[in-house]
Amino acid sequence: GQAACRDLQAMLLGLARRWDEALALLVQNDVRPGGPRAARERFNTHQRLGWAHDATGDPDASLRERYAMLAAAQEWGDEAARALALGQLGGLHADLYNLEEAERLCREGKALAEAAQALQAWAMATLNGMNALVAQGRGAEAVPWAEALLAREAQLNARAREQRLIVYADAFAQAGDPARAQALLDESRALRHAASESLLSWT
């Protein structure tokens with residue numbers, strides 16, 4: 001119970017950008033396979049640790065946590081959790097320009113999430129897979145993925161819409177539809193909020 005509370009408190013500290021404090025809390029949590037905590041509980045801690053290491057610029061540590069998160073999801077036996085872990089892992093590989101591995105992981109996560117009807121995990125795997133395709137110069141292949149996400153936008157996390165629109169625009173621009181890309185970028189810019197200066201620059 002205390003470990004679960006530390007997971008939640010670390011999330012709040014992360015939202016406040018107090019990453020060192022968040023990490024100090026999370027490292028107190030036992031994440032050993034076969035230890036006293038259930039796989040679903042360890043999954044949450046690994047997810048928070050990965051997020052914190054992303055924010056503090058430690059991709060090697062983040063990769064370790066994402067793979068541990070995937071292992072916990074497999075032990076747990078929850079397909080939606082496994083799909084989410086695959087999508088996150090694929091996104092990190094895309095950021096590191098391991099593009100073929102990123103695409104493979106995201107395709108696997110996308111298929112699992114579709115079968116499990118896990119919408120948010122599906123959206124993450126699809127979006128990160130699109131990034132991998134666009135980075136490979138395959139924007140035309142990413143357009144159907146963008147259209148599928150756009151069709152379900154009303155069901156997705158509204159706060160992340162600003163960022164999703166940029167990814168859609170990348171695909172449409174690369175596929176030769178600059179007008180559609182421009183409209184998406186204009187909408188993204190209009191959604192800018194106080195914490196999104198980096199996204200505005202990207203737009």
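The values are calculated or read from the model by the stated rules, or taken from the named source; none is laboratory data. Predicted model, so just to flag it, every value in this text is computed and none were measured. Don't worry about glycine lacking a Cβ; one is built from the backbone with ideal geometry, like all the others, and counts go over all protein chains shown. Areas reflect the complete protein model, heavy atoms only, side chains present, ligands, DNA and RNA absent. Shrake-Rupley method; radii C 1.70, N 1.55, O 1.52, S 1.80 Å.
Computed from Cα atoms, the angle from the helix 119-135 axis to the main principal axis of the chain rounds to 60 degrees.
Divided by 2.2 N^0.38 Å, where N counts the residues, the Cα radius of gyration of the range 1-112 comes to 1.03. Against the chain, whose longest principal axis is taken from its Cα atoms, helix 178-190 shows a tilt of about 50°. The charge dipole of the range 1-111, taken about its Cα centre with unit charges on the Cβ atoms of Lys, Arg (+1), Asp and Glu (-1) only, comes to about 280 debye. Placing +1 on each Lys and Arg Cβ and -1 on each Asp and Glu Cβ, with no other charges, gives the range 90-144 a dipole about its Cα centre of roughly 100 debye. Taking a ≥ b ≥ c as the square roots of the eigenvalues of the Cα gyration tensor of the range 60-119, is the shape rounded (a/c under 1.5), prolate (a/b larger than b/c) or oblate? Cα axes put the range 60-119 in the oblate bin.
Would you mind working out the magnitude of the charge dipole of the range 52-123 relative to its Cα centre, with +1 at each Lys and Arg C-beta and -1 at each Asp and Glu C-beta, to the nearest 20 Debye?
On the way: 6 positive and 13 negative charges, 29 e Å.
Rounded to the nearest 20 debye, it is 140 debye.
Seen through its C-alpha gyration tensor, with square-root eigenvalues sorted a ≥ b ≥ c, the chain comes out prolate because a/c lies at 1.5 or above while a/b is bigger than b/c. Distance between the modelled labels on TYR97 and ALA55, one decimal in nanometres: 2.8 nm (7 Å Cα→Cβ projection). Please list log₁₀ I(q)/I(0) at q = 0.13 Å⁻¹ for the range 106-171, using the Debye equation with identical point scatterers on the alpha-carbon positions. One equal scatterer on each Cα of the range 106-171 leads to -0.30. LEU150 to TRP202: extension gain in nm, 0.36 nm per residue of separation minus the Cα-Cα distance? Value of the extension gain: 16.7 nm. Taking all Cα pairs closer than 8 Å and separated by 6 or more residues, the relative contact order of the chain comes to 12 percent. Computed from phi, the 3J(HN,Hα) profile of the range 90-107 under the Karplus parametrisation 6.51, -1.76, 1.60 (θ = phi - 60°) reads x, x, 5, 5, 5, 4, 8, 6, 8, 6, 5, 5, 4, 4, 4, 5, 5, 4 Hz, with x in place of Gly and Pro.
Computing the accessible area with a 1.4 Å probe over protein heavy atoms, can you report the carbon and sulfur percentage for the range 87-203?
Its accessible area is 51 percent carbon and sulfur atoms.
Compute the long axis of helix 161-174 from its Cα atoms, compare it with the longest principal axis of the Cα atoms of the chain, and write down the angle in degrees, 0 to 90, nearest 10. Result, in degrees: 50. You can think of it this way: the chain between LEU15 and ARG159 has 50.5 nm of extra reach, that is 0.36 nm per residue less the Cα-Cα gap. A Gaussian network model of the chain, with springs between Cα atoms under 10 Å, assigns the largest mean-square fluctuation among ALA61, ALA125, ALA80 to ALA61. For the chain, the longest stretch holding no trypsin sites (Lys or Arg not before Pro) located in a DSSP loop with at most 12 other Cβ atoms within 10 Å is which? For trypsin sites (Lys or Arg not before Pro) (loop position, at most 12 other Cβ atoms within 10 Å), the longest site-free span of the chain is 18-151.
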